[in-house]
1. Report every pair of residues separated by at least 6 positions or lying on different chains whose Cβ atoms are under 9 Å apart, first residue within the range 107-120 and at pLDDT 95 or above and among the hydroxyl-bearing types (Ser, Thr, Tyr), second surrounded by fewer than 18 Cβ atoms within 10 Å (Cβ to Cβ) and part of a strand (DSSP E or B).
2. Please go through (1) at pLDDT 90 or above; (2) surrounded by fewer than 14 Cβ atoms within 10 Å (Cβ to Cβ); (3) of a type in the set (A, V, I, L, M) for Val57 and return the number of the only condition it doesn't satisfy.
3. Out of everything in the range 35-48 that is part of a strand (DSSP E or B) and not aliphatic (A, V, I, L, M), what residue ends up being nearest to the chain's Cα centre (by Cα)?
4. Do we find a residue being assigned to a loop (DSSP other than H, G, I, E, B), of a type in the set (A, V, I, L, M, F, W, C), at pLDDT 90 or above and closer than 27 Å to Leu141 by Cα anywhere in the range 20-34?
5. Cβ contacts < 7 Å: first residue farther than 23 Å from Asp54 by Cβ and at pLDDT 80 or above, restricted to the range 131-156; second residue of a type in the set (Ser, Thr, Tyr) and in a helix (DSSP H, G or I), any location; separation 6+ or different chain. Result?
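The values are calculated or read from the model by the stated rules, or taken from the named source; none is laboratory data. Since we're looking at a predicted model, the values are computed, not measured. Reconstructed Cβ throughout: ideal geometry from the backbone, glycine too, with neighbour counts over all protein chains shown.
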Amino acid sequence: MMRQFGRLRIELVLCLVLCLMGLDAADSKAEFVGGTLSTFKSGQDGRLAMDQTDLMVFGSKQQKVTILYSQVRSIEYGQKVDRRYLEAILISPMFLLSKKRDHYLTLHYRDEKGYDQALVLRLPKSSIRPTLASLEARTGLKVKVQDDEARKAYRS
């Protein structure tokens, strides 16, 4: 009896961990890079919440922007690939063999007043695929890939 109870507890803990991982995919870190919004500063950290079926929210504790999926006009994904020169100089020349990749999401959408807006976010590597897949499914639009490196990473 105690063995079954112990096994049940382990299964419940695993279920809880998997649920929390799913929540993290729907609510990921993002950094505001640029766009037409004057309420955010370049380099400002925030969270991109995509857990609702009709809208997504990007924001920080101070401000947020809500974007209806039906108002998204285009989705673009690109990468910036750099060699790690500073790390190679400071730490080891082996860093020249690796690349640093930044992942960028650009959304063109129409706000609630009817004005066209653009939002450029830098996303972590772990959340780029689920984010792009969710956007394609919910908006009905295809992601426009900006360069070959991004095409390899997203469509591979």
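1. Correct list of pairs: Tyr109/Leu68; Tyr109/Arg73; Tyr109/Ser74; Tyr109/Asp116; Tyr109/Gln117; Tyr109/Ala118.
2. (2)
3. Ranking the candidates gives Arg47 first.
4. So in the range 20-34, the residues assigned to a loop (DSSP other than H, G, I, E, B) come out as none.
No, the range 20-34 contains no residue that is assigned to a loop (DSSP other than H, G, I, E, B), of a type in the set (A, V, I, L, M, F, W, C), at pLDDT 90 or above and closer than 27 Å to Leu141 by Cα.
5. Short answer, once both residue conditions are applied: Val145/Tyr154.
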